[in-house]
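J.: My questions will all concern the structure given below.
The values are calculated or read from the model by the stated rules, or taken from the named source; none is laboratory data. These numbers were taken from a predicted model, which means no experiment stands behind them. Here Cβ is always computed from backbone atoms with ideal geometry, including for glycine, and neighbour counts include all displayed protein chains.
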Amino acid sequence: MVNIPGYRASRDAFRVRTPMRCPICEGELRNVLVRDLGGVTADIVWQLHAGECPEHGWFQTEVVSRPPREIFPVTKPFGAARRLVVEGQEFFSFSTVWNDLPPQERRKPVDPLDAKYWRRRPLSRS
Ligand SMILES: [Zn+2]
């Protein structure tokens, strides 16, 4: 469940682009919505990204100065989490390759919107 206190409609913006892709088919998302939650200072990026895959539905993630660790299937933009079944396996979230970076790499300054960190890890889990 995603709950956003202090919801402000004026902070939602339809953007042309998000680094987020559908975690199932890696297709581009449509109806992309970015909610700017603002940072304490200007150099803190704090955003919610949501977008819709025509085939697999809505997904969202949160960016807090760092690329997201997980992408979540949701019922609607900024809505409740939903369950996705992929190849017989249940998923409530999809982790990104950002998790695979060694800690010393993750501490370096990076562009949190750099798409290469947003790719999902392979689905197969041992
Ligand atoms: Zn898809």
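J.: Provide a single number: the residues in segment 53-92 that are at pLDDT below 95, within 15 Å of the ligand (Cβ to nearest atom) and under 11 Å from the mean Cα position of the chain (by Cα).
T.: Result for segment 53-92: 0.
J.: Just to be sure I understand the filter: pairs with C-beta atoms under 6 Å, separated by 6 or more residues or on different chains, first member in segment 94-119 and over 14 Å from E62 (Cα atoms), second member of a type outside the set (K, R) and in a helix (DSSP H, G or I). Which pairs pass?
T.: Pairs found: R119/V97.
J.: Next question. Considering only residues that are aliphatic (A, V, I, L, M) and in a helix (DSSP H, G or I), which ones fall in segment 83-111?
T.: Once the filter is applied, which keeps residues that are aliphatic (A, V, I, L, M) and in a helix (DSSP H, G or I), segment 83-111 yields only V97.
J.: Give the residues of segment 23-37 that are exposed (fewer than 14 other Cβ atoms within 10 Å of the Cβ) and more than 10 Å from the ligand (Cβ to nearest atom), sorted by residue number.
T.: R30, N31
J.: Here's a follow-up. Using beta carbons and a limit of 8 Å, which pairs, at least six apart or on different chains, have the first residue in segment 25-53 and at positive phi and among the β-branched types (V, I, T) and the second one within 16 Å of the ligand (Cβ to nearest atom) and outside any loop (DSSP other than H, G, I, E, B)?
T.: none
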